[in-house]
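Working notes, beginning with the structure itself.
The values are calculated or read from the model by the stated rules, or taken from the named source; none is laboratory data. This one's a predicted model, so the numbers in the text were calculated from it and none came from an experiment. A quick note on method: Cβ atoms are made from the backbone with ideal geometry, for glycine too, and the neighbour counts reach across all protein chains shown. Just the protein is used for accessible areas: all its heavy atoms, side chains included, with ligands, DNA and RNA removed. Shrake-Rupley method; radii C 1.70, N 1.55, O 1.52, S 1.80 Å.
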Number of protein chains: 2
Amino acid sequence: MDGVDQLAPERKKAQFDVDEMKIVWAGSRHAFQVSDRIARLVASDPAFRKDNRAMLSRKELFKNTLRKAAYAWKRIIELRLSEEEASMLRSSVDEPAFTDLHWGMFVPAIKGQGTDEQHQKWLPLAYKMEIIGCYAQTELGHGSNVQGLETTATFDPQTDEFVIHSPTLTSSKWWPGGLGKASTHAVVYARLITDGQDHGVNGFIVQLRSLEDHSPHPGITIGDIGMKFGNGAYNTMDNGVLRFEHVRIPRNQMLMRVSQVTREGKYVQSNVPRQLLYGTMVYVRQTIVADASCALSRAVCIATRYSAVRRQFGSKNGGPETQVIDYKTQQNRLFPLLASAYAFRFVGEWLKWLYTDVTQRLQANDFSTLPEAHACTAGLKSLTTTATADGIEECRKLCGGHGYLCSSGLPELFAVYVPACTYEGDNIVLLLQVARFLMKTVSQLGYGNMPVGTTTYMGRAEQLMQCHCGVQKAEDWLNPSAILEAFEARAIRMSVACAQNLSKFTNQEEGNLFILDIGSLKLFRLRVS
Amino acid sequence: MDGVDQLAPERKKAQFDVDEMKIVWAGSRHAFQVSDRIARLVASDPAFRKDNRAMLSRKELFKNTLRKAAYAWKRIIELRLSEEEASMLRSSVDEPAFTDLHWGMFVPAIKGQGTDEQHQKWLPLAYKMEIIGCYAQTELGHGSNVQGLETTATFDPQTDEFVIHSPTLTSSKWWPGGLGKASTHAVVYARLITDGQDHGVNGFIVQLRSLEDHSPHPGITIGDIGMKFGNGAYNTMDNGVLRFEHVRIPRNQMLMRVSQVTREGKYVQSNVPRQLLYGTMVYVRQTIVADASCALSRAVCIATRYSAVRRQFGSKNGGPETQVIDYKTQQNRLFPLLASAYAFRFVGEWLKWLYTDVTQRLQANDFSTLPEAHACTAGLKSLTTTATADGIEECRKLCGGHGYLCSSGLPELFAVYVPACTYEGDNIVLLLQVARFLMKTVSQLGYGNMPVGTTTYMGRAEQLMQCHCGVQKAEDWLNPSAILEAFEARAIRMSVACAQNLSKFTNQEEGNLFILDIGSLKLFRLRVS
């Protein structure tokens, strides 16, 4: 079978218009054209080669990333790319880099939490990359529990400054991408303290390194936290550690859109509702779901092609063996992942609509759908990232021994993807938040609070608890409403059963511990590093 | 909490004798003493350091492995270590190396498949490491289907030689550990052809490289197949590719214990039963199950310590937060893995007994328990390695973001472990073999063939199909026979239901494809590289 194109006959079997499907996948003809053009541009430019990543030492790997980031920036300017095209170019370069945090977290944090004055001062510098920023939230001792962060920002009315300090080992900032080597600035989250009073966690713009020679500023200890999972993967990123020894910054570097500290050291809340910040969370989670479909589709593509080419057993009279894609056991593992990749793609598009909807409502001071939108995005983030991480690993196994070689692409896809299960809300913690929301929704049924959004079906609880499945024969399952009703009936029954089980345990140790698990997890802020 | 030993209070809570448990875990006081002494010896010797592995480039990493292997050999001789101690030392060095294949596959293959004469010639050379051997079975195009291997060994009666040849691209040997750089010799599996007739796959001792300057012999193309999953992991191993261009070896380098080729080119089978070879399979799988318990226990140990030290949420009045080990969600994920590590340890010990039993029966020409022993070890290999690979990854996630750092040890534990799901029988393929055996056993119930070994319970099918669980209250589950009977009842019911479902599909496409999946997998030989 040497030298024969084994995929061509498989491709000819497609029963749909492949070019049309590309557009459906991209979301629109325009989106397809941009992504196709930029992807070709990146693929054809040897400066962006990535086949050698797994072989490089950490130092060479990181230098390579710096080179690519600088070159990408140069090309973006030379080609006068739009913001959409520039973002597509960065994602086509296909390796984590400090620029992800600069554009994806540092700039949005200033935009979302800064005042107009702060926008005018900092955004132009960031847009021109005259400063490079990162997002320093997570600490060695605190990830999920953002309210427990220990770094302090104490106001000194004598000098009109904040003193940023790391009081304990566990208060060291730990994980922020771009921090280890590249960033000149950071948005640092710290406990705001004025006149001995703790006002909780707020964001501050802090310069970390000199714009002259890139050396750390006095009082700042900074470094890279070392190797991570995989050969290339996130080792192209300089995730860092950061400690402050009484570092002083001007008062106007506190991000003051939502709350302020006056010249006199008085802490005041603005009339901007805090909930506005949650719009960002919906936005970030929407991109995570979109990324999940992208990562899973790449793994499925590799495993499908391999399954069509690979043959094993079943040779008759010396003829070719059976393509492994024709084995039920292979199909039963591979095809649901293919379907999931499409499902995640479409739910990602729907989340874009949800983001628009939430944003419009927030601007109209309508917070009624926020808990449901939060639970929905938390659940989808957890579901899609877990399924994608497991799915990539399953695709790797579907390629047998060959999936273990870096040349298959799968080990790196897995290693670079799995942190999505932990960052931006640990998946288990997020599921507990969803459970808590569902229990609350169930407990309020019948009290006039009609469930909204994706939980609207819970308003029909009584009917769904009693209904029988109308499916008589296999083809009936091709009716989407039959599937939908089955899921709704299953979901409400499981939710009600869970609520009943919980109620049994009230005031008993077991129940308390479970409630503790759910109850101790407050709605928390963005946690990407 | 800086600087406080957070583990000491946890350790004090043990309700069993920890020193006694160490001995139970090791299998005997003697085994514990050997392993403890050798582990300390390795841990205290800076030449065996492994903390820097993830940082090294591939070349440095491999050089490092060569250095360690040479040094380990030197120490084994200096300290006059017994075979047991030497093997313990190699496993304590804790990185895959060409020596694993030399001692674990090359030597046993010659021992098991070679004649007395061949033992006398080759074993002393191998024991003194004057030659280094590997096990060249898997090809680019054939892994599970060993009978489909394409490499040929054609007897040339003119010169009394075999001509070893790689006729296609897919016939290239691919994966053998130790082949890429280190080995001077290999046991090569190839189709034996005499007088135009194909006698199937046999083993041949082939010299690959010069003993003078280590250059490849004429007609041999050889190399390393590149980077594999993980930073260190199996990248310390020189998995290789090998092609033969009409390479000639003397006739007496065919392993002739079971079948021979005479001077005249006649193919004859000896009276040594082929089944004898399957004893080795039981042995190898027993070591794989033992390795599973070891790998899982290391991951669980890291995740448990982390869970005791890590605190998140639940602070009351400014006191310390809750240790994450006290959350039910953490316990529900972690504790079953801890239990599994012990269960795998004990079943590994039981497999040692099974190996002895099978060996004694084979020597007495009793093959009656062989199918059950094969199915049992296939099932246990698949179950324990899948659970261990998934369990290590779960432990990694239980450490949150910190589990993604190589310094946690978990990424490397995962990357070095997962090939166990594929080598020595792909786990899915093995499960199909178990399914096939179970279906056959069910179909023969009532025909006087009493099931043996671990399937003895199937002889009580009628009773188990009807029995009801005698458990009334939670404590009743503490009675092991209640658990055992529940598993037996569940297993027989599932097996019978599966057999009934299969019988429905006879002669229909669906059923045929399923049968094809099961039926096409013949009992296959050792497949470790």
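Quick look at the values:
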item: Single residue of the stretch B:68-107 satisfying the filter (under 20 Å from B:PHE204 (Cα atoms) and in contact with a Leu (Cβ under 9 Å, 6 or more places away or on another chain)) that is surrounded by the fewest Cβ atoms within 10 Å (Cβ to Cβ); result: B:VAL107
item: The stretch A:356-385: number of residues that are open to solvent by less than 70 Å² (accessible area, probe 1.4 Å), polar (S, T, N, Q) and in contact with a Lys or Arg (Cβ under 8 Å, 6 or more places away or on another chain); result: 2
item: Where a residue in the stretch A:160-171 is of a type in the set (A, V, I, L, M) and its partner, wherever it lies, is at pLDDT 95 or above and part of a loop (DSSP other than H, G, I, E, B), with Cβ under 6 Å and at least six apart; result: A:VAL163/A:HIS246
item: Residue match in the stretch B:301-312 (condition: open to solvent by less than 20 Å² (accessible area, probe 1.4 Å), within 14 Å of chain A (Cβ to nearest Cβ) and out of contact with any strand residue (DSSP E or B) (no Cβ under 9 Å at 6 or more places or on another chain)); result: yes
item: A:GLU488, sole failed condition from (1) within 25 Å of A:GLY453 (Cα to Cα); (2) open to solvent by 70 Å² or more (accessible area, probe 1.4 Å); (3) of a type outside the set (Val, Ile, Thr); result: (2)
item: Residue in the stretch B:116-138 that is under 20 Å from B:THR287 (Cα atoms) and over 19 Å from the mean Cα position of the chain (by Cα) present; result: no
item: Lone qualifier among A:VAL107, A:VAL34 - being within 20 Å of A:SER183 (Cβ to Cβ), more than 14 Å from chain B (Cβ to nearest Cβ) and in contact with a helix residue (DSSP H, G or I) (Cβ under 7 Å, 6 or more places away or on another chain); result: A:VAL107
item: Residue count for the stretch B:470-499, restricted to those that are part of a loop (DSSP other than H, G, I, E, B) and out of contact with any Asp or Glu (no Cβ under 8 Å at 6 or more places or on another chain); result: 4
item: From A:SER520, A:SER529, residue being open to solvent by less than 40 Å² (accessible area, probe 1.4 Å), within 14 Å of chain B (Cβ to nearest Cβ), at pLDDT below 95 and touching a strand residue (DSSP E or B) at 6+ places or on another chain (Cβ under 9 Å); result: A:SER529
item: Selected residue [in contact with a helix residue (DSSP H, G or I) (Cβ under 9 Å, 6 or more places away or on another chain), surrounded by 14 or more Cβ atoms within 10 Å (Cβ to Cβ) and within 12 Å of chain B (Cβ to nearest Cβ)] from A:GLU349, A:GLU321; result: A:GLU321
item: The stretch B:42-55: number of residues that are at the interface with chain A (Cβ under 10 Å from one of its Cβ atoms) and either charged (D, E, K, R) or in contact with a Phe, Trp or Tyr (Cβ under 9 Å, 6 or more places away or on another chain) (or both); result: 1
item: For B:GLU10: the one exception among (1) farther than 30 Å from B:GLN323 by Cα; (2) surrounded by 14 or more Cβ atoms within 10 Å (Cβ to Cβ); (3) more than 14 Å from chain A (Cβ to nearest Cβ); (4) touching a helix residue (DSSP H, G or I) at 6+ places or on another chain (Cβ under 7 Å); result: (1)
item: The lone exception for B:GLY409 - which of (1) at negative phi; (2) modelled with pLDDT of 95 or more it fails; result: (1)
item: Residues of the stretch A:136-159 satisfying the condition of being away from chain B (no Cβ under 14 Å), open to solvent by 10 Å² or more (accessible area, probe 1.4 Å) and in contact (Cβ under 8 Å) with a residue 60 or more places away in the chain; result: A:PHE155, A:ASP156, A:PRO157, A:THR159
item: Scan of the stretch A:168-196 for residues that are within 14 Å of chain B (Cβ to nearest Cβ) and open to solvent by 10 Å² or more (accessible area, probe 1.4 Å), ordered by number; result: A:THR168, A:LEU169, A:THR170, A:TRP174, A:TRP175, A:ARG191
item: Qualifying position, being open to solvent by 20 Å² or more (accessible area, probe 1.4 Å) and either closer than 30 Å to A:GLY141 by Cβ or within 20 Å of the chain's Cα centre (by Cα) (or both), among A:ARG333, A:ARG257; result: A:ARG257
item: Residue list for the stretch A:26-68, filter: under 30 Å from B:PHE229 (Cα atoms), among the hydrophobic types (A, V, I, L, M, F, W, C) and assigned to a helix (DSSP H, G or I); result: A:ILE38, A:ALA39, A:LEU41, A:VAL42, A:ALA43, A:ALA47, A:PHE48, A:ALA54, A:MET55, A:LEU61, A:PHE62, A:LEU66
item: A:GLY200 within 14 Å of chain B (Cβ to nearest Cβ), part of a loop (DSSP other than H, G, I, E, B) and open to solvent by less than 20 Å² (accessible area, probe 1.4 Å); result: no
item: Residue check for A:GLY226: within 14 Å of chain B (Cβ to nearest Cβ), without any contact (Cβ under 8 Å) to a residue 12 or more places away in the chain and under 26 Å from B:LEU405 (Cβ atoms); result: yes
item: Test result for B:VAL206, more than 14 Å from every other protein chain (Cβ to nearest Cβ) and under 23 Å from B:ASP426 (Cα atoms); result: no
item: Residues located in the stretch B:386-395, provided they are surrounded by fewer than 22 Cβ atoms within 10 Å (Cβ to Cβ) and without any contact (Cβ under 8 Å) to a residue 60 or more places away in the chain; result: B:THR386, B:ASP390
item: Filtered residue count, the stretch A:376-415, keeping only those that are closer than 30 Å to B:HIS142 by Cα and out of contact with any Ser or Thr (no Cβ under 9 Å at 6 or more places or on another chain); result: 16
item: Failed item in (1) under 16 Å from the mean Cα position of the chain (by Cα); (2) crowded, with 24+ Cβ neighbours inside 10 Å; (3) modelled with pLDDT of 95 or more; (4) within 14 Å of chain A (Cβ to nearest Cβ), with B:GLY425 passing the rest; result: (3)
item: The stretch B:206-223 residues that are under 19 Å from B:PHE162 (Cβ atoms) and free of Cβ contacts under 8 Å to residues at least 12 places away in the same chain, paired with ones that are outside any strand (DSSP E or B) and hydrophobic (A, V, I, L, M, F, W, C) (beta carbon under 7 Å, 6 or more apart); result: B:PRO216/B:LEU208
item: Per-region count, the stretch B:290-314, residues within 19 Å of A:ASN145 (Cα to Cα), outside any loop (DSSP other than H, G, I, E, B) and not β-branched (Val, Ile, Thr); result: 4
item: Test: residue in the stretch B:396-408 that is away from every other protein chain (no Cβ under 11 Å), buried (at least 23 other Cβ atoms within 10 Å of the Cβ) and part of a helix (DSSP H, G or I); result: no
